[in-house]
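What follows is a single structure, written as structure tokens, with notes after it.
The values are calculated or read from the model by the stated rules, or taken from the named source; none is laboratory data. None of these values were measured; they are calculated from a predicted model. Ideal geometry is used to build each Cβ from the backbone, glycine not excepted, and the neighbour counts take in all protein chains shown.
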Amino acid sequence: MSKQWSNVKLGEVLTHYQEYIEAPEPRMYPKLSVKLYGKGVALDAPADGMALKMKRHQLAKAGQVILSEIWGKKGAIGFVPPEGEGALCTSHFFLFDVRDDKLDRRWLQAIFDANYLQEQLDAEAKGTTGYAAVRPKILLACKIPLPPLAEQRRVVARVEELAAQIHEARTLRHHAAEETEVLLRSILAHDEKTKPTPMRELVKMRAPDVTVHADETYQFAGVYCFGRGVFKAARKSGMDFAYPRLTRLRAGEFVYPKLMAWEGAFGIVPPECDGCVVSTEFPVFEVNEDRVLPEVLDTYFRTPAVWPGIAGESTGTNVRRRRLNPKDFLNYEMPLPSRETQMTLRKVRAEVDALKRLQAETTAELDAILPSTLDKAFKGEL
């Protein structure tokens, strides 16, 4: 049943904190980072009081509301966390005390979590200055639904209970994903018929096949480190990069970046990246499926225990600049499993991928539950 809650200006529940220090002490102060879109407040790199150029600063108190003057229009607002006590705030941030006699802080936290204020802040900021600053008066003029304190606490308790259940569901999914990877790796590890085989017998390197034109746009792909696979990256104009040639990926091929391969940046190209391009810094290989299935390569090279051996093939004096050249990769020997084991892995992998697709579909539904619940809460329908 919907309840008609009044909308009140934040000025009725927040007070602009206006105590300043003129000269910070010669010591290190904690600083705060206010994340966009209501994602919270965290500690940033500390600041040396002797090196500050601005004249007026404030020291934050835990539990205060902090607003970014520049990025408030993008929802950069939140509560100062306990570890932010005494953090130094420049004049580009504003602090506010909360009137606890009218407002349960958890209710306001739900407002922030839902990024409820962004539309109001953005609309008002655009009409003020050239760079759309959010001043204290703009925030204090924003309106929020405000039920009685007892009702705020009841609704927040229900929201927190739901959030805990969603977190538990996500945790269980994460653990299930980890266990399936362990299962796939164990299939390879328990094959007693493996044979050390150089990669040059299993894959064939492809030459770049795309000529870059300045007036065309290209959909790039990338490869995550730590065995997280191939992904769609940014679209870029031919004017935005210097590579004269690119390689167009085909689903089922194997690819890695020369620079980050030693950190597990390997993967088989998934269907969603078919047709994407990579620079010449990404060697691309056709897979000889008569000898090895793509699923086997994908599972093997995503295994953390494999990466130290790959790192041994990489060259470079700086650990962060190690490069895995294609020649060295092709000489690398992997324990090639029997065809029977490969087919077993393919079958299990297909079942795992089907489960992941189902999880991906339901993840969107899971992600929508909390925002929908918050929306109902603010309308008095919870």
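Hey, any hits in the range 146-160 for a residue that's under 20 Å from ILE369 (Cα atoms), under 25 Å from the mean Cα position of the chain (by Cα) and either free of Cβ contacts under 8 Å to residues at least 12 places away in the same chain or not assigned by TED's automatic domain parsing to the domain that holds GLY49 (or both)? Yes, the range 146-160 contains at least one residue that is under 20 Å from ILE369 (Cα atoms), under 25 Å from the mean Cα position of the chain (by Cα) and either free of Cβ contacts under 8 Å to residues at least 12 places away in the same chain or not assigned by TED's automatic domain parsing to the domain that holds GLY49 (or both). Of all residues assigned to the range 218-231, none qualifies as being small (Gly, Ala, Ser), closer than 24 Å to ARG291 by Cα and loosely packed, with under 15 Cβ neighbours inside 10 Å. Picking from residues in the range 1-41 that are of a type in the set (D, E, K, R) and touching a residue at least 60 places away in the same chain (Cβ under 8 Å), the one that is nearest to ALA62 (Cα to Cα) is GLU12. The number of residues in the range 214-244 that are assigned to a loop (DSSP other than H, G, I, E, B) and of a type in the set (Ser, Thr, Tyr) comes to 2. Of all residues in the range 1-22, those satisfying the criterion of being exposed (fewer than 15 other Cβ atoms within 10 Å of the Cβ) and either assigned to a helix (DSSP H, G or I) or out of contact with any strand residue (DSSP E or B) (no Cβ under 9 Å at 6 or more places or on another chain) (or both) are MET1, SER2, LYS3, GLN4, GLU12. Tell me yes or no: at least one residue of the range 232-241 is in contact with a His (Cβ under 8 Å, 6 or more places away or on another chain), of a type outside the set (Lys, Arg) and assigned by TED's automatic domain parsing to the domain that holds ASP298. Yes: one or more hits. For ALA125, the stated conditions hold: it is in contact with a helix residue (DSSP H, G or I) (Cβ under 7 Å, 6 or more places away or on another chain) and within 18 Å of SER68 (Cα to Cα).
If you go through the range 232-250 and keep only what is of a type in the set (Gly, Ala, Ser) and either under 19 Å from LEU184 (Cβ atoms) or surrounded by 16 or more Cβ atoms within 10 Å (Cβ to Cβ) (or both), you end up with just GLY238. Scanning the range 175-203 for residues being at pLDDT below 90 and of a type in the set (Val, Ile, Thr) gives a total of 2.
For the range 204-217, which residues satisfy the criterion of being in contact with an Asp or Glu (Cβ under 7 Å, 6 or more places away or on another chain) and either under 17 Å from PRO270 (Cα atoms) or surrounded by fewer than 16 Cβ atoms within 10 Å (Cβ to Cβ) (or both)? If the condition is that a residue be in contact with an Asp or Glu (Cβ under 7 Å, 6 or more places away or on another chain) and either under 17 Å from PRO270 (Cα atoms) or surrounded by fewer than 16 Cβ atoms within 10 Å (Cβ to Cβ) (or both), then LYS204 is the only one that fits.
ALA177 fulfils the conditions (1) in the same structural domain as LEU374 (by TED's automatic domain parsing); (2) hydrophobic (A, V, I, L, M, F, W, C); (3) free of Cβ contacts under 8 Å to residues at least 12 places away in the same chain except for a single criterion, (3). Evaluated against (1) among the hydroxyl-bearing types (Ser, Thr, Tyr); (2) part of a loop (DSSP other than H, G, I, E, B); (3) out of contact with any Leu (no Cβ under 8 Å at 6 or more places or on another chain), THR247 falls short on exactly one condition, (2). Scanning the range 198-213 for residues that are under 37 Å from the mean Cα position of the chain (by Cα) and not in a loop (DSSP other than H, G, I, E, B) yields PRO198, MET199, ARG200, VAL203, LYS204, MET205, VAL210, THR211.
Table: residues versus (1) more than 25 Å from ASP113 (Cβ to Cβ); (2) in a strand (DSSP E or B).
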position: ALA42; (1), (2): no, yes
position: ALA45; (1), (2): yes, yes
position: LYS53; (1), (2): yes, no
position: ALA62; (1), (2): no, no
